[in-house]
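These notes concern the structure reproduced below.
All of the numbers you see were taken from the coordinates with simple rules; none came from a lab. Just so you know, these numbers come straight off a predicted model, no measurement behind them. Using ideal geometry, Cβ is built from the backbone for each residue, glycine included, and neighbour counts are taken over all protein chains shown.
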DNA sequence: CGGGGGGTTGATGGACATCAACATCTGTGG
DNA sequence: CCACAGATGTTGATGTCCATCAACCCCCCG
């Protein structure tokens, strides 16, 4: 049975048997769909059954205010979250007081998925804005994965994409200068937001402060300011008043050496 | 059934039923054990059955010469490797020719585990020395995980540890200066090697060149040389002729702000 | 009206890169 | 056996990117 599940995952079965569930759930209007659903549908078409399962995972809504940390307690708190609205970042604090933001989560992203499976690292989560998230109990998640392999595949893709982003982040900090790092980050964020309908080719709204950018990119806020100025004055991007506006997308891509291959995974799923 | 497996993983069952297999495999002498076995046994005692399964995963031995890349082709090549002997690094090349090493694998580590589940990132693997690795077919791996939940838990711990190391690496490059970065890396490596019996408290053998260190730490080889000199002259570590020798372990830990918590995960497994 | 969060700009210094030269050691072919 | 090339390591001189320190701005909100 475990092997059968694996075959589903790898081969992305051509004809799974969903008949028994057919019609049990209503098709949703596109505008009703959660960001996660929008994102996953880019990777794989979903049956109504699968959409229903996804929708049921969103049932337990919770809200959190900005700024107050959501530290994931492991052990007792065996739940993950699907971010529905708002922005979050996961970071790690150094003994000397500096912090490094490891990743930024936007609507449609998972939060603490790994912490459900294993109580892992000691990083914290800070809501950047007020957020709404669906709490997903471990049991519900695993049941969903076991019963809808196609959904499981899509979620695995999402997780692997997150990992690829962390690696890309590492490369950026290690081997790109400040300008390229900033450009790369703004472009990556744009691609991610576009996937959930929160960005156009011209730009997007972005609640991050320059301090956030500094902690993401491994710079100081002062230098972030200068970098942003230079990008603005050279006519490539403007970051101002919570809005990122691309003026010369192509030149920006060139500066950042941005290759979105690791984001637009076109793999087995689409077979 | 899926939920039962999950309970095993989280609760680390107190009395799983192994009777039907008891005695099917011979107990191995400690010196016979593979590095992976040694590592996993730190996290959880293994029954003879589990040791047998582990041993069977090591059957398909393959060797590779140093320097010639093991690029993981995804798709067709649905296999992972357990590194038995030698050192490997996984890296990512930039368009401008610089490279960033994401991680170093030592005996007992998995190679391309994620690539089995999903064809992920585009990083490559370079054997640093001549290596021996056991090829693990996807099917065998999943079967082993499904049949021996305690082993599955242990492997999940290993994977999560790898992820935590990448995050720690990111933080280091973003927020530590060259000296601390180097000290941290050498200490981390020491801890990892000690877990598979390849390091003592006084030091360990290390085939990395200063160029490798540079690509790992996001520095230039020239600067790596200076940093090493300074660490040597201040009496903390010597890196020379393929040997890392700790002279003042405590002071090094202090300089690196090295907190091995993320390596020595003492969690549910030990309950 | 005061205070705080965010942003902007200048002056200065330090950490690290870059360039360049040279030392060792290994292997290789004449 | 020697000459030579290539990989690795070592050290100095110089420059640059970015951090640090220090003002000062605007705007919002109590």
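Structural remarks
- Here A:81, A:91 are placed in order of increasing Cβ neighbour count within 10 Å, fewest first, which gives A:91, A:81.
- R0 of 41 Å, Cβ-Cβ distance residue A:122-residue A:249: FRET efficiency to nearest 0.05: 0.60
- Value of relative contact order over segment A:176-262, rounded to a whole percent, pairs C-alpha under 8 Å and six or more apart: 35
- Segment B:114-203: C-alpha gyration tensor shape, a/c 1.5 cut-off, then a/b vs b/c: prolate
- Counting neighbouring Cβ atoms within 10 Å and putting the fewest first, the residues A:43, B:125 line up as B:125, A:43.
- For residue A:207, inter-copy label distances in nm, listed shortest first [label point 7 Å out on the Cα-Cβ vector]: 5.1
- Per-residue Cβ neighbour rank within 10 angstrom, fewest leading, B:63, A:47: B:63, A:47
- Look at the stretch B:92-100: the mean tally of other chain Cβ atoms within 10 Å of its residues' Cβ atoms is 4.
- Shape category assigned to segment B:176-262 from the gyration tensor of Cα positions, a/c cut at 1.5: rounded
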